[in-house]
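Scroll down for the structure; my scribbles are underneath it.
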Amino acid sequence: MTAHDAGNHSVPDLSSPTVRTQRPGLALTLIAISTSLSMSVWFSASFVVPELSTVWHLSAGGSSLLTIAVQVGFVVGAVGAAVTGLADAVPARALICVGAIGAAFANLGLLWAGGLTAALPLRLLTGVFLAAVYPPALKEVSTWFRQGRGTALGVMIGALTLGSALPHLVGSFGGIRWEGVIIATTLMTAGGGALILLLRDEGPYPFPRRRFSLQSSLASLRNKHVALANIGYMGHMWELYAMWAWVGTFIASMPAIAVLPHADTTASALSFVCIGVGALGCFVGGRLSDRYGRPQSALICLICSGSAAVALSLVGTSSPLLVLALCIFWGFWVIADSAQFSAVITEHADPVYVGGAVSIQLALGYLTTTLSLWLVPVLVQRWSWSLAIGVLAIGPLIGATAMAVLTFAPTTRNHAQKS
């Protein structure tokens, strides 16, 4: 659905209590800030891996598991929310609050873990709780917007991006032990959970609530638009989280960075820029989608991010300024398309089961990330960064192909759009 199509829907009565008590712009701001703070625990342990590797005697595989465990936990939580009906039956504000507070406590538990054996269940639990934050936040924002939904969801993914980059920002100040990073991200996540309670109402375009049906939610996969959006999303996710998780290590490995007096803090600051710039990319991607369409916007973003990965794999680390410029360009486009895959789901899946359909899409995407997150350090250790980054470009290639097909698919509208 394009912005023009969205504009054909009737405008809600501005005198109604729901619209009068809170405006869409304020609601979007509250949800976005809450999500950004809440998601800061996602990479909290991954960021402090260099210290934990020494303290806990972690191998390269053990270090990867600290991030992969969160991805697996997120999949478990997303699928669980869909199967139990939580995603479509419980108010999003309640889910987000409980999820953020739970993730904060699980993250705080790392201070007493003492090693990988106790840390992995805590990271798994962190992912489970975060599955109660991110999908409901996307659904909640969608209830506030029809026209401009792509831009609104782009802002939300931008919030996720900044949240994921926050550990790098904390580390860029220097002199902070790993316990300080864990405490700081825990407080930010708990604060995000409390902030969402300021959102008093659901938006003027709520999705209907009904007892969950796994068969009905899975049936959305047979919808051509939904299926292609899921394929595109999996290609996108193959590249995204591996880039986020390992770009800091890649930058730190550059000879020009490693010889600096404060190499660690410099690498952290540069990593924050490379990831954080994606927040602006999300906004640009959202505006492109509202103007030209979801598939077209995603196709542009996938081509740009995939091209950046290929270029980085060819350049190597011989030219640091060029490498950093490419990393920033990559970080801008690697996340810019993310919201559009969710937008396609909210606009083409059965509106009764949108929460479940979004959760299934996220589960497929995050399952994909577990393989690429594991594969990158293996390829780096056995071959090189060039090969590892080049392999990540496979995801955008597959995703771009799906979006090209979707661009020329006949436009259909779901029940919500017909009503």
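The values are calculated or read from the model by the stated rules, or taken from the named source; none is laboratory data. Note that the coordinates shown come from a computational prediction; the quantities given were computed from them, not determined experimentally. All Cβ positions, even for glycine, are placed from backbone atoms using ideal geometry, and neighbour counts span all protein chains on display. All accessible areas refer to the heavy atoms of the entire protein, side chains included, with ligands and DNA or RNA removed. Shrake-Rupley method; radii C 1.70, N 1.55, O 1.52, S 1.80 Å.
Computed quantities for the displayed model
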| read-out | value |
| --- | --- |
| Test: residue in region 403-413 that is more than 21 Å from the chain's Cα centre (by Cα), modelled with pLDDT of 90 or more and part of a helix (DSSP H, G or I) | yes |
| Residue satisfying condition, being assigned to a loop (DSSP other than H, G, I, E, B), modelled with pLDDT of 75 or more and open to solvent by less than 30 Å² (accessible area, probe 1.4 Å), within set L58, L30, L52, L66 | L58 |
| Only one of S313, S318 that is over 20 Å from F272 (Cα atoms) and open to solvent by 40 Å² or more (accessible area, probe 1.4 Å) | S318 |
| Residues (within 15 Å of the chain's Cα centre (by Cα) and surrounded by fewer than 20 Cβ atoms within 10 Å (Cβ to Cβ)) located in region 246-275 | none |
| A89 vs. criteria under 16 Å from Q361 (Cβ atoms) and touching a residue at least 24 places away in the same chain (Cβ under 8 Å) | no |
| Test result for S38, open to solvent by 10 Å² or more (accessible area, probe 1.4 Å) and in a helix (DSSP H, G or I) | no |
| Matching option when the condition is modelled with pLDDT under 85 and more than 24 Å from P377 (Cα to Cα), among G286, G281 | G286 |
| Unmet requirement for M243, which otherwise passes all of (1) assigned to a helix (DSSP H, G or I); (2) more than 23 Å from W374 (Cα to Cα) | (2) |
